[in-house]
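Here's the structure, in structure tokens; my notes come after.
The values are calculated or read from the model by the stated rules, or taken from the named source; none is laboratory data. Treat the numbers as computed from the prediction; the structure is a model and nothing was measured. Here the Cβ is made from the backbone with ideal geometry for all residues, glycine too, and neighbour counts use every protein chain on show. The accessibility values were calculated without ligands, DNA or RNA, using every heavy atom of the protein model including side chains. Shrake-Rupley method; radii C 1.70, N 1.55, O 1.52, S 1.80 Å.
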Amino acid sequence: QVQLVESGGGLVQAGGSLRLSCAANGSIATISLMGWHRQAPGKQRELVATFTITGNTYIANSVKGRCTISRDSGKNTVYLEMNNLKPEDTAVYYCNVGASTATVPFRSYWGQGTQVTVSS
């Protein structure tokens, strides 16, 4: 019913920037939340940032001051702009969306993940 298409990952040097994009496609009725998690090898997946339908945002302390999250509601797309990237930001970043469709009530959807690698 809902598929998330992620883009923007890649290899950057420390101090560089990336902007991740996640577009939600499908028979979507309402999106309540769009955000990003990340998981580094051997580590637990962690919440990075979220953007709610009301415009409230959450930024994890680990990236606060270096990352901003925004949303284009017309395109059902969420962006994560990451600046001054550090090697510890290296992880697979997963888009997460809370949405309802014409046939399914609100539930959480996950993207396939996009790799972000920050070199020293």
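Key figures
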{"item": "Contacts under 8 angstrom Cβ, first residue in segment 26-37 being touching a residue at least 24 places away in the same chain (Cβ under 8 Å), partner open to solvent by 30 Å² or more (accessible area, probe 1.4 Å) and aromatic (Phe, Trp, Tyr), 6 or more apart", "result": "Thr30/Phe106; Ser32/Phe106; Leu33/Phe51; Met34/Phe51; Gly35/Phe51; Gly35/Tyr58; Trp36/Tyr94; His37/Tyr94"}
{"item": "Unmet requirement for Ile59, which otherwise passes all of (1) open to solvent by 80 Å² or more (accessible area, probe 1.4 Å); (2) without any contact (Cβ under 8 Å) to a residue 24 or more places away in the chain", "result": "(1)"}
{"item": "Of the criteria (1) crowded, with 20+ Cβ neighbours inside 10 Å; (2) touching a residue at least 60 places away in the same chain (Cβ under 8 Å), which one Gly9 fails", "result": "(1)"}
{"item": "Strands (runs of 3 or more DSSP E) (entirely within segment 1-73) containing at least 1 residues that are over 26 Å from Val104 (Cβ atoms) and at pLDDT 95 or above", "result": "10-13, 18-26, 28-39, 46-52, 57-59, 67-72"}
{"item": "Matching residues in segment 64-75 - criterion: being under 19 Å from Ala99 (Cα atoms) and buried (at least 16 other Cβ atoms within 10 Å of the Cβ)", "result": "Ile69, Arg71"}
{"item": "Unmet requirement for Leu85, which otherwise passes all of (1) in contact with a Ser or Thr (Cβ under 6 Å, 6 or more places away or on another chain); (2) touching a residue at least 60 places away in the same chain (Cβ under 8 Å)", "result": "(1)"}
{"item": "Residues that are open to solvent by 20 Å² or more (accessible area, probe 1.4 Å), on the phi < 0 side of the Ramachandran plot and more than 15 Å from the chain's Cα centre (by Cα), drawn from segment 76-120", "result": "Lys86, Pro87, Glu88, Ala102, Thr103, Val104, Pro105, Phe106, Arg107, Thr117, Ser119, Ser120"}
